[in-house]
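Structure, as structure tokens:
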Amino acid sequence: MANIASSAILAAAIALATVAAVAAPGHKPGESHRHDDETAYGKPGDPRKPARVVQITMREVDGKMLFQPSRVEVRRGEQIRFMLRNNGEIDHEIVLATLAENLAHAIEMAKNPDMEHDDPNAKRLKPKATGEIVWHFTKAGEFDFSCLIPGHREAGMFGTIVVK
């Protein structure tokens, strides 16, 4: 009976860690993450407030995977509504973060390739699907957006956001 209870507790702990890993890209499993937290690259935007629209298309072409555009310039304090479209033939995602965070999270994604993102700073899209991310860029600097599905960033699917 004790083994059954221990197994149930272990299963629950694994399930909670998995949920935390999926819900917070760039964060360690089990680490708390509130959706209104400010990060090095800003914070979730308010969809009810005005925002400049930036369209980003995901696709594959000639053996490469890419975002168009792959460079976005933003003013510090500006809110952006990224209108996303996957024109590709396979799933793609976009994760806004620092370059260091995205590179570290890519290693975690390689270990857990079925991890999906649908967070304030990340969205996974099926082929021909659309989505959006509203983000408030509160700090100046250069930041990254990448598709962290294993092999996609390596195939060229990344870009830079320059906040001035």
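The values are calculated or read from the model by the stated rules, or taken from the named source; none is laboratory data. Just so it is clear, the model here is predicted, and its values are computed rather than measured. Note: ideal-geometry Cβ built from the backbone for every residue, glycine included; neighbour counts use all protein chains shown.
Filtering Lys128, Lys139 for residues that are part of a loop (DSSP other than H, G, I, E, B), out of contact with any Asp or Glu (no Cβ under 7 Å at 6 or more places or on another chain) and under 16 Å from Gln55 (Cα atoms) leaves a single hit, Lys128. The residues of segment 40-56 that are assigned to a strand (DSSP E or B) and in contact with a Ser or Thr (Cβ under 7 Å, 6 or more places away or on another chain), listed by number, are Gly42, Lys43.
Name the single residue, out of those in segment 130-164 being among the basic types (Lys, Arg) and farther than 24 Å from Glu116 by Cβ, that is surrounded by the fewest Cβ atoms within 10 Å (Cβ to Cβ). That would be Lys164. Kindly indicate whether any position in segment 3-19 is assigned to a strand (DSSP E or B) and either modelled with pLDDT of 50 or more or out of contact with any His (no Cβ under 7 Å at 6 or more places or on another chain) (or both). Within segment 3-19, not a single residue is assigned to a strand (DSSP E or B) and either modelled with pLDDT of 50 or more or out of contact with any His (no Cβ under 7 Å at 6 or more places or on another chain) (or both). For segment 142-156, the candidate set comprises residues that are in contact (Cβ under 8 Å) with a residue 60 or more places away in the chain and either among the β-branched types (Val, Ile, Thr) or in a loop (DSSP other than H, G, I, E, B) (or both); within that set, the residue that is nearest to Gln55 (Cα to Cα) is Cys147. In segment 96-108, of all residues being of a type in the set (A, V, I, L, M, F, W, C) and surrounded by 19 or more Cβ atoms within 10 Å (Cβ to Cβ), the one that is farthest from Ala40 (Cα to Cα) corresponds to Ala106. The residues of segment 109-125 that are surrounded by 15 or more Cβ atoms within 10 Å (Cβ to Cβ) and in a strand (DSSP E or B), listed by number, are Asp119, Ala122, Lys123, Arg124, Leu125. Taking the listed residues Arg81, Arg76, Arg59, the one that is out of contact with any Pro (no Cβ under 6 Å at 6 or more places or on another chain) and in a loop (DSSP other than H, G, I, E, B) is Arg76, with no other qualifying.
Are any of the residues in segment 91-108 out of contact with any helix residue (DSSP H, G or I) (no Cβ under 6 Å at 6 or more places or on another chain), assigned to a strand (DSSP E or B) and not hydrophobic (A, V, I, L, M, F, W, C)? So far as segment 91-108 goes, yes, one or more of its residues are out of contact with any helix residue (DSSP H, G or I) (no Cβ under 6 Å at 6 or more places or on another chain), assigned to a strand (DSSP E or B) and not hydrophobic (A, V, I, L, M, F, W, C).
In segment 40-70, the residue that is farthest from Thr138 (Cα to Cα) out of those that are exposed (fewer than 15 other Cβ atoms within 10 Å of the Cβ) and among the β-branched types (Val, Ile, Thr) is Val61.
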